[in-house]
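Below is one structure, written out as structure tokens; the observations come after it.
The values are calculated or read from the model by the stated rules, or taken from the named source; none is laboratory data. Everything numeric here is computed off the predicted structure, so don't read it as measured data. So basically every Cβ, Gly included, is an ideal-geometry build from the backbone, and we count neighbours across all protein chains shown. With ligands, DNA and RNA removed, areas are computed over all heavy atoms of the protein, side chains included. Shrake-Rupley method; radii C 1.70, N 1.55, O 1.52, S 1.80 Å.
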Amino acid sequence: MQFLHTMLRVGSLQRSIDFYTQVLGMQLLRTSENTEYRYSLAFLGFDGGNPGQAELELTYNWGVDQYEMGTAYGHIALGVSDARAACDRIKAAGGNVTREAGPVKGGSTIIAFVTDPDGYKIELIQRPALAIGQQVADPLRSA
């Protein structure tokens, strides 16, 4: 098996594409529309997405501009080389940092949280190996 994507329903496809590309640095990989069933899709990711990395599928159901957050959803997580610097870049790009970078409760891993325009939580997890190229490139590193 291979982890392919996570789907989020969004109230405005373009607003969400702008957030994930301009604030978080993802690439828009492909889009599609289904006129019969009245929905649009956008797939985003880092480093070209599948098969190297899982993708984020944004689904816009035409005419639905918001959803209730269920109690089961938690967050998606992104690895970054420096969580504090990533928060600074996200705030400078207009993003909403809801938990500044710092140690996770009861541990030493540095994390932060960002909220997207629909209220979905995104955890940033500091992974120092990203800074030295041992893993994939840091998605939130400034170019």
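Can you find a residue that is over 17 Å from residue 10 (Cα atoms) and part of a strand (DSSP E or B) anywhere in segment 34-51?
No, every residue in segment 34-51 fails to be over 17 Å from residue 10 (Cα atoms) and part of a strand (DSSP E or B).
Considering every residue within segment 60-70, establish whether at least one is open to solvent by 30 Å² or more (accessible area, probe 1.4 Å), assigned to a strand (DSSP E or B) and in contact with a Ser or Thr (Cβ under 7 Å, 6 or more places away or on another chain).
Within segment 60-70 (the criterion being open to solvent by 30 Å² or more (accessible area, probe 1.4 Å), assigned to a strand (DSSP E or B) and in contact with a Ser or Thr (Cβ under 7 Å, 6 or more places away or on another chain)), the answer is yes, since at least one residue qualifies.
Which residue pairs have Cβ atoms under 7 Å apart, sit 6 or more places apart or on different chains, and have a first residue in segment 93-114 that is without any contact (Cβ under 8 Å) to a residue 12 or more places away in the chain and loosely packed, with under 14 Cβ neighbours inside 10 Å and a second that is not in a strand (DSSP E or B) and not small (Gly, Ala, Ser)?
103/109
Restricting attention to segment 19-33, which residues are surrounded by 15 or more Cβ atoms within 10 Å (Cβ to Cβ) and assigned to a helix (DSSP H, G or I)?
If the condition is that a residue be surrounded by 15 or more Cβ atoms within 10 Å (Cβ to Cβ) and assigned to a helix (DSSP H, G or I), then 19, 20, 23 are the ones that fit.
If you take the residues of segment 109-143 that are assigned to a loop (DSSP other than H, G, I, E, B), among the hydroxyl-bearing types (Ser, Thr, Tyr) and at pLDDT 95 or above, which of them is farthest from residue 69 (Cα to Cα)?
The selected residue is 109.
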